[in-house]
1. What distance in nm lies between label points placed 7 Å from Cα along the C-beta direction at N94 and K138?
2. What's the carbon and sulfur percent of the chain's accessible surface, probe 1.4 angstrom, rounded to a whole number?
3. Can you list residues whose amide H is under 5 Å from Y26's amide H, if they're 5+ apart or on another chain and H is modeled 1.01 Å from N?
4. How high is the FRET efficiency between S116 and D17 when r is their beta carbon distance and R₀ equals 35 Å, given to the nearest 0.05?
5. When the Debye formula is applied to the Cα atoms of the range 1-127, each taken as the same point scatterer, what base-10 log of I(q)/I(0) results at q = 0.22 Å⁻¹?
6. Could you give the accessible area per residue of the chain, probe 1.4 Å, as a whole number in Å²?
7. Give me the extension gain from L149 to L25: residue separation times 0.36 nm, minus the current Cα-Cα distance, reported in nm with one decimal.
8. Scan around F148 for amide H atoms under 5 Å from its own, H built in the peptide plane at 1.01 Å from N, and keep only partners 5 or more places away or cross-chain.
Amino acid sequence: PKTNIFSSLEVVWPKADSEIKLIGLYNSYLYSLDAKNNLIAKHKESTTGFAKGSLWLKENFSADNIINWTIDGSIYAAKPNGAVFKLDSGRLQNFSLISLDPQLNSAVKIFSAPDSPNLFILDPGQKRVIIWDKKTLKLAAQYPAKEFLDLKDFDIDEKSKTIYLLNGMKIQS
């Protein structure tokens, strides 16, 4: 920014005792995960930040142990055991990685974009990156490598078909 300073935005959480673990933006809405109260809220943009969030999660779904999510119109949420869930309009959808071999048993990060047909999953346990087709619910590709000893994070440039990986203290593509 021109001023080189950050500004604060107002956000009103649905519960006074909220512990916000994750946030995500989609279509000018802020989504927040309150781990303490096991809820996902949707906040409308306001002139000073974001309004009080309305309860978005409409099912009895354990949201408190979500470790990462990506929002592309749907929310794809990853849990520590490698389970990945899809939620639309606050409801759990039929989504499964069952045909993945070997099975996912950990997930550090997941990513998708609104215009992408793919869900990207970083799987440090199996030393690989998985590309999952969201429409066919099938594996599009997976990239394992013996040198993936300490996968921590990744970023995707779908236009150039490049995956950037943080492997220990190294960036690999």
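1. The two pseudo-label positions are separated by 1.7 nm.
2. Taking all protein chains in place, the chain shows 51 percent carbon and sulfur surface.
3. The answer is Y31.
4. Given R0 = 35 Å and the Cβ-Cβ separation, E is 0.45.
5. Relative scattering, expressed as log10 I(q)/I(0), comes to -1.32.
6. Normalised by residue count, the accessible surface of the chain is 59 Å².
7. Roughly 41.5 nm would be gained on extension.
8. Under 5 Å from the amide H of F148 lies no amide H from a residue far enough along the sequence or on another chain.
The values are calculated or read from the model by the stated rules, or taken from the named source; none is laboratory data. No experiment lies behind these values; they were computed from the predicted model shown. All Cβ positions, even for glycine, are placed from backbone atoms using ideal geometry, and neighbour counts span all protein chains on display. Ligands, DNA and RNA are stripped out before the accessible areas are found, and what is left, the full protein with its side chains, is counted by its heavy atoms. Shrake-Rupley method; radii C 1.70, N 1.55, O 1.52, S 1.80 Å.
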